[in-house]
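Note sheet for the following structure.
The values are calculated or read from the model by the stated rules, or taken from the named source; none is laboratory data. What you see is a predicted model, and the numbers here were worked out from it, not measured in a lab. All Cβ positions, even for glycine, are placed from backbone atoms using ideal geometry, and neighbour counts span all protein chains on display.
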Amino acid sequence: MNDQYFAHETAVIDEGAQIGAGTKIWHFSHIMSNCRIGRHCNIGQNVVVSPQVVLGNNVKVQNNVSIYTGVICEDDVFLGPSMVFTNVVNPRSQVNRRGQYARTLVKKGASIGANATIVCGHDIGEYAFIGAGAVVTKDVPPYALVVGNPARQTGWMSEYGHKLHFDANGLALCPESGEKYKLENNRVSKLV
């Protein structure tokens, strides 16, 4: 038993994996060598974290998620149940593309819904919100709400996960936090 993090007795943790203090790893998960998991993460059951994957602090990974080499998640990312990352654009069983993995960057505070698919090689912006079942085939801007297959932007989200409604001046208020946001040139920023 490790006194820095918790791992269920059925979890497999390979030598060389770095795991931050306060992280919890649940049933039947496999944490592979040379990955880095930050502090206070929660790794649900039946999760695979592949070599060279980087998870920031406070990342929540729900059940049945495989995080493949090439994926980087910054702090406070949420990965919903059974969501999918890819890491090769054109996989073929008979062609070895090991070492040709495309990078996928999920930026701070982004949420990816249940059963969504993130096609590799794209950036998911800060606090973006990927709806359940969406198939992301291109970069997603910060604070964007995207849904569908292929994923299309349908709005903007606050850092607390509420859809923002902008007035004629391009201003919106999060109903939960009271934080103000500005929409300008098709980009959202939080006002300080």
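Restricted to the range 81-110, and to residues that are small (G, A, S) and surrounded by fewer than 20 Cβ atoms within 10 Å (Cβ to Cβ), which residue is nearest to V146 (Cα to Cα)?
As a first pass, look at the range 81-110 and keep what is small (G, A, S): 82, 93, 99, 102, 109-110.
Narrowing further to those that are surrounded by fewer than 20 Cβ atoms within 10 Å (Cβ to Cβ): 82, 93, 99, 102.
Working: S82: 18, S93: 31, G99: 30, A102: 22 Å.
Ranking the qualifying residues of the range 81-110, first place goes to S82.
Scanning the range 137-159 for residues that are surrounded by fewer than 22 Cβ atoms within 10 Å (Cβ to Cβ) and closer than 19 Å to F85 by Cβ yields a count of 7.
Would you check which residues across the range 141-153 are more than 18 Å from D76 (Cβ to Cβ) and either aliphatic (A, V, I, L, M) or without any contact (Cβ under 8 Å) to a residue 12 or more places away in the chain (or both) and list them? Scanning the range 141-153 gives V146, V147, A151, R152. What are the residue pairs meeting all of these: first residue in the range 78-104, first residue under 15 Å from V47 (Cα atoms) and in contact (Cβ under 8 Å) with a residue 24 or more places away in the chain, second residue part of a loop (DSSP other than H, G, I, E, B) and of a type in the set (S, T, Y), Cβ atoms under 9 Å, and 6 or more apart or on different chains? Pairs found: F85/Y68; T86/Y68. Within the range 30-39, can one find any residue that is touching a Gly at 6+ places or on another chain (Cβ under 8 Å), of a type in the set (K, R) and either closer than 28 Å to G99 by Cα or not in a strand (DSSP E or B) (or both)? The answer is yes; a qualifying residue exists. Filtered by the rule that a residue be touching a Phe, Trp or Tyr at 6+ places or on another chain (Cβ under 6 Å) and not β-branched (V, I, T), the range 13-53 gives K24, G44, Q45, N46, S50. Within the range 45-57, being assigned to a loop (DSSP other than H, G, I, E, B) and surrounded by 20 or more Cβ atoms within 10 Å (Cβ to Cβ) holds for V47, S50, V53, G56. Checked against (1) part of a strand (DSSP E or B); (2) of a type outside the set (K, R); (3) at pLDDT below 95, V192 passes all but condition (1).
If I filter the range 14-37 down to residues being hydroxyl-bearing (S, T, Y) and under 14 Å from S50 (Cα atoms), which single residue comes out as surrounded by the most Cβ atoms within 10 Å (Cβ to Cβ)? Step through it out loud before you land on a result.
Initial filter on the range 14-37 (hydroxyl-bearing (S, T, Y)): 23, 29, 33.
Then drop every residue that is not under 14 Å from S50 (Cα atoms), which leaves 29, 33.
Details: S29: 22, S33: 13.
Top of the filtered list is S29.
Only a single item in (1) out of contact with any Phe, Trp or Tyr (no Cβ under 9 Å at 6 or more places or on another chain); (2) more than 28 Å from V119 (Cβ to Cβ); (3) among the hydrophobic types (A, V, I, L, M, F, W, C) is not met by A172, and it is number (1).
For the range 101-172, which fully contained strands (runs of 3 or more DSSP E) count at least 2 residues that are out of contact with any Pro (no Cβ under 6 Å at 6 or more places or on another chain), of a type in the set (V, I, T) and over 17 Å from I67 (Cα atoms)?
Working: elements: 104-106, 144-147, 152-156.
Passing ranges, in order: 144-147.
When V89 is tested against (1) modelled with pLDDT of 95 or more; (2) under 26 Å from V135 (Cβ atoms), exactly one condition is not met: (1).
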